[in-house]
């Protein structure tokens, strides 16, 4: 075992679209866990769109990373050393608190135990973790889908979107995907989406949504914001629900005011509801969600696609792929294998 | 009794802010009611912001008035002649279907019976009618106010806004008014609002809202849209509810795209909910609402201010006063007195 911990720290708050030079790879000495703490070897680190908010100095739903601080993020890994009674070397643990580093030291009570016999361990940061739970609670609790309704999903092949579409189908809805390439749409159809729109090729996006959703959009699951949001808002069905889950299309102008079409009249005409979602609000129901997602997966009713890069060096690249829609499926970075 | 019916017909679809020449006053022969119909003498006609949508050729939640057609609107009046078994001369009736005319002929089953001993008859188009019911169902059903929460109301001295503020107080909330003059704010305080903002004098409206709502806005009751909407959206409390009820500030650009700040990030950060409201969706609960509003009025917990013009000639002027915030209280036009 090494005695250094490589980690990415924030070098700059980017203006507009981030670049790799906004982070710096550092070597730090490995730190022993103190009482109650656990030393972990990262096996998979997750990159997620919410991280764009963490490198903005603007007010957000969580504090920003300080300059020179370790970049925040979730991961799954193996316990190396433990001073917490619940954890021993070899255990597999997941947490949102890993950070972009090889050897996080975390409080034992902040870790979630992962059983590697149920699913590949990286599922704990994908369909059996934050993205899957986001899809599950946002669609079911805010969207309240009814059989026969049309559910439109942006970033539909992404970590959240692919789960949304399949839950929508499991609920008896029509699911329509919006994604950035034919290959992604093809995959969306394979997992159950009834149709799709390639927003880079569609031309008039509003007309494309109208064509795919002839009875209007009952639920719009918004992972992107921007022009895709506008196209959906122009095609709402009566009593539509719009779930504001992400705004990855605004990654290049994160700290600027978002100026554009305002859709209050669409909300009024259609008595529609638009609501912001954050998965951490549902922490006390995560176990229920994971149980249902795992059950669907076991029944073949929830498939999942990953896009895996390798090595701690890849973290900024992997994150930037996400912001520019280059990823195809849940973007992960693999750092190692369990020792067992 | 006269044998002519003076009525306002639509002459043009206005571009931007309507003007009086968009309507034309016509004289038509008085029409006898047919089987099932009732001839009514209008006593009070209502003007309401929703009428801006009726004179737009654009899609809306109800069809537009055709050119040359009688301008639509609600009123309260006295039955003059009846071929419907439930109605006899002298009865007082209310309906959304009067139109801007002296002698509407309406189907008996579309009329609501008004008991003049309970409240002044014009209450049937104000706090015991559409505006009161709008305030009641929108605030209680969409807003779900909890004691101690802050409720911010735009057009707060208007027909809907003055009722919203008083219901908010009856529910144990703090109520903050936004209006266009000190006199209106003074009246708002008299009826129970805890404070107010004069949007024409406030300068930085966002800062003014922040000052009046130091814990953030839990419920924003939006009758205006536009910059007031923006100021509210910049000051949301966690889990805020935004009720989109009207957009009178957009009367001068009704058929243009509304371009401006987009607040999706505020919805996301605060997990806030924004929802469009239309009172007609609650028709099967109107009786309950009217009963409660009348009870509050009887207990002195619901006051109401009217702004009354006289004569059918005044209809366009009265409506335009509403669009430019010149009215002070519920805008009505009085055409006559009950004969009894």
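All of the numbers you see were taken from the coordinates with simple rules; none came from a lab. Please read all numbers here as calculations on a predicted model, not as lab measurements. Neighbour counts run over all protein chains shown; Cβ positions are idealised from the backbone, glycine included.
Kindly put A:296, A:87 in sequence by how many other C-beta atoms sit within 10 Å of each C-beta, fewest to most. Could the numbers behind the result be given before it?
Values: A:296 19, A:87 22.
Lowest to highest Cβ neighbour count: A:296, A:87.
Each helix, a run of at least 4 DSSP H residues, gives -39500 (n - 2.57); summed and divided by the residues of chain B, these come to -6000 deg cm²/dmol at 222 nm.
Neighbour counts of other Cβ atoms within 10 Å put B:334, B:184, B:88 in the fewest-to-most order B:88, B:334, B:184. Would you work out if the stretch B:16-67 is rounded, prolate or oblate? Take a ≥ b ≥ c from the square roots of the eigenvalues of the alpha-carbon gyration tensor; rounded if a/c is under 1.5, else prolate when a/b is larger than b/c, oblate otherwise. Because a/c hits 1.5 or more and a/b exceeds b/c, the stretch B:16-67 counts as prolate. With only Cα atoms counted, chain B has Rg and Dmax values of 20.1, 63 Å. How tilted is helix B:286-298 with respect to the longest principal axis of chain B? Cα atoms for both, answer in degrees (0 to 90, nearest 10). The helix B:286-298 is inclined about 80 degrees to chain B. Taking Cα atoms only, the orientation of helix A:161-170 departs from the longest principal axis of chain A by about 60 degrees. With coordinates expressed along the principal axes, the C-alpha atoms belonging to the stretch B:195-340 extend over 59, 35, 30 Å, beginning with the largest.
In the frame of its principal axes, the stretch A:27-99 has Cα extents of 39, 22, 21 Å, reported largest first. When all alpha carbon pairs of the stretch B:130-280 are counted in 10 Å bins from zero, the resulting P(r) reads 12, 47, 36, 5 %.
Can you tell me how the stretch B:121-200 classifies by the Cα gyration tensor, rounded, prolate or oblate, using a/c under 1.5 as the rounded cut? Here the stretch B:121-200 falls in the oblate category. Kirkwood analysis of the protein assembly as shown, using all unique Cα-Cα pairs, places the hydrodynamic radius at 27.7 Å. When chain A is turned onto chain B, the axis of that turn runs closest to one Cβ of chain A, and that residue with its distance in whole Å is A:274, 2.
In plain terms, the C-alpha convex hull of the stretch A:192-257 casts an average shadow of 5.2 nm² when viewed from every direction. In this label model, residue B:144 and residue A:4 are separated by 5.4 nm, measuring between points 7 Å along each Cα→Cβ vector. Sorted shortest first, the separations between the residue B:90 label point and its copies elsewhere in the assembly read 9.7 nm; each point sits 7 Å from Cα along the Cα-to-Cβ line. Taking every DSSP beta bridge that has both ends in chain B, the antiparallel portion is near 50%.
Quick note on the stretch B:232-297: its Rg to Rh ratio, both from C-alpha atoms and Rh being the Kirkwood radius, is 1.09. For residue B:107 and residue B:30, a Förster radius of 22 Å and the Cβ-Cβ distance give a FRET efficiency of 0.80, rounded to the nearest 0.05. Hey, how many Å between the Cα centroid of the stretch B:239-286 and the Cα centroid of the stretch A:90-147? Using only Cα atoms, the two centres lie 35 Å from each other.
For the stretch B:248-288, the residues whose amide N sits under 13 Å from a probe point set 7 Å from the Cα of residue B:15 along the beta carbon direction are B:253-256.
Each copy carries residue B:58; placing its label point 7 Å along the C-beta direction from Cα gives inter-copy distances of 2.6 nm, listed from smallest up. When B:150, A:2 are sorted by how many other C-beta atoms sit within 10 angstrom of their C-beta, beginning with the fewest, the order is A:2, B:150.
Label-point spacing for residue A:146 across the identical copies (point 7 Å from Cα in the Cβ direction), in nm and ascending order: 2.8.
Per-peptide packing, taken as the mean over residues of other Cβ atoms within 10 Å, places A:128-140, B:168-180 in the sequence A:128-140, B:168-180 from highest down.
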